[in-house]
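Chemist: Following this message is one structure expressed as structure tokens.
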Amino acid sequence: MRRPRSITLPIVLLVIAAALIATTVQFTSMFSGPPPWFRPTPIARVAEALRTGRVPDNARGIEVTRISEDRFGRSEERSSPARDAAIAALIPAPANRMQGFYEFPPRDPDSDIFGSFTVGLRDGDGWILVSTAPPPTFTSWHFRRLAGMLITLAVLSVLAWYVARRISRPIRELAHAATRARLGARPTIPHGGPREVRELAEAVEAMQDRILQQAEGRTAMLAAIAHDLGTPLSRIAFWVEQLPEAARDRASADIDEMRAMLGAVLRFTRDDRSREQHARLDLGSLIESLGDDLAAAGVLVDVDLGPRVIIEGDPVALRRLFTNLVENAVRYGDRARLCWSVSAGWAEVLVEDEGPGFPAGRAEALFAPFVRGEASRNRATGGTGLGLAIVRSIAEAHGGEVLLTNRDAGGGRVRVRLPAE
């Protein structure tokens, strides 16, 4: 089997490729020529411009002007009588009519002029000046360098994006698989990608197996205890019948409460350990049917009709989910209201009531088994504390989520989101 390569290799290759591409572009730009104003100017062209009073056709970067003042030249330029004499000889013109200033005075007066310069030839009462033109702000040379930099940036960005995607995709798939892990549904852990990601996937898979095995063992133990308690509870109920009527009624109520709690525990463990085969169903029809059944049984529930929503799910489990939410809403808020909508591939069902709402900061804690929103242990107001735990278990088994919020007008609101087709 081929050994997976390390994540270090693509990162190192990316850095090397970026350095090579950037160096190549800079090297190419350097040999494409210097900026236009850095080129030397032959003194013959300066002499021709002074003689004709216009810029020669083959000269670039110089300009010709006429002034009447005797003061000219730039602050960084210095005089050079030898250079003046060489230019005057090429015109030809008397050397005393020449006056020039140069940024870099030369050793050889007949050589080309580097840097800026201003050379004047007296013409009557004024001067004919030949000087270097101000450097342009943006030239073709700048454009070539800028284009090269932008192309380099684009190439490196695409290359970096590709490498980053190749590295991050297996990590993202691993995170999604770890998120879907729960009792009764062990997602396949992907083992693709670089060596470090594969080692992480193997560690996550081993950790998932250990955690799920421990959780399944504890859930099985809880189910066995709840089941076995039914037998002694039945014997206790038999002996209770021999008590006086007043004591018998109180003891029977306690036994009924214990049986209800054991039934809730058994349903919770069954929902947490088993996953029925999902089928396509109309969520709106399921909620409407549930609302009719509950209303016929005397439950105060209103159902606002919504759009047709097709999902993949277990109808029995979903009915239990919404039944638990309606019962909680009626228990704490006297009346329940259901409505649903669909957007962006998700079906959203709201179960609202007019009760006190959910305690601030305890919304997440209410999903834990045996945690109740009402602090007392009164069955008439508190329940067993397993309703929301069952709701979350069923919702997560369908790839959805449950959120607890409070309405602005007062009362609680449960938001159930399920994947829709």
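Chemist: Limited to the range 230-256, what total is found for residues that are of a type outside the set (Lys, Arg), over 60 Å from the mean Cα position of the chain (by Cα) and assigned to a helix (DSSP H, G or I)?
Modeler: Counting residues in the range 230-256 that are of a type outside the set (Lys, Arg), over 60 Å from the mean Cα position of the chain (by Cα) and assigned to a helix (DSSP H, G or I) gives 7.
Chemist: Also, quick follow-up: Collect the residues in the range 76-100 that are in contact with a strand residue (DSSP E or B) (Cβ under 6 Å, 6 or more places away or on another chain) and among the acidic types (Asp, Glu), keeping them in residue-number order.
Modeler: The answer is Glu77, Asp84.
Chemist: Being in contact (Cβ under 8 Å) with a residue 12 or more places away in the chain, within 30 Å of Thr24 (Cβ to Cβ) and of a type in the set (A, V, I, L, M, F, W, C) is true for just one of Trp127, Trp141. Which residue is that?
Modeler: Testing whether each residue is in contact (Cβ under 8 Å) with a residue 12 or more places away in the chain, within 30 Å of Thr24 (Cβ to Cβ) and of a type in the set (A, V, I, L, M, F, W, C) leaves just Trp141.
Chemist: Could you grab me the full set of residues in the range 6-31 that are exposed (fewer than 12 other Cβ atoms within 10 Å of the Cβ), modelled with pLDDT under 75 and farther than 30 Å from Gly192 by Cβ?
Modeler: Selection gives Phe27, Met30, Phe31.
Chemist: I'd like the residue in the range 52-93 that is touching a residue at least 40 places away in the same chain (Cβ under 8 Å) and part of a strand (DSSP E or B) and, out of all such residues, is least open to solvent (accessible area, probe 1.4 Å).
Modeler: The residue in question is Ile62.
Chemist: Please indicate, with yes or no, whether at least one residue in the range 276-295 is open to solvent by 50 Å² or more (accessible area, probe 1.4 Å), modelled with pLDDT under 75 and in contact with a helix residue (DSSP H, G or I) (Cβ under 8 Å, 6 or more places away or on another chain).
Modeler: Scanning the range 276-295, I find at least one residue that is open to solvent by 50 Å² or more (accessible area, probe 1.4 Å), modelled with pLDDT under 75 and in contact with a helix residue (DSSP H, G or I) (Cβ under 8 Å, 6 or more places away or on another chain), so the answer is yes.
Yes or no, residue by residue, for (1) surrounded by 16 or more Cβ atoms within 10 Å (Cβ to Cβ); (2) out of contact with any strand residue (DSSP E or B) (no Cβ under 6 Å at 6 or more places or on another chain); (3) at pLDDT 80 or above:
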position	(1), (2), (3)
Arg319	yes, yes, yes
Leu350	yes, no, yes
Pro359	no, yes, yes
Arg372	yes, yes, no
Ala380	no, yes, no
Arg392	yes, no, yes
Arg415	no, no, yes
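Chemist: Does the range 60-71 include one or more residues that are modelled with pLDDT of 90 or more, under 29 Å from Trp141 (Cα atoms) and in contact with a helix residue (DSSP H, G or I) (Cβ under 6 Å, 6 or more places away or on another chain)?
Modeler: yes
The values are calculated or read from the model by the stated rules, or taken from the named source; none is laboratory data. Keep in mind the model is a prediction, meaning the values are calculated, not measured. Cβ: placed from backbone, ideal geometry, glycine included. Neighbour counts: every protein chain shown. Heavy atoms of the whole protein, side chains included, go into the accessibility calculation; ligands, DNA and RNA do not. Shrake-Rupley method; radii C 1.70, N 1.55, O 1.52, S 1.80 Å.
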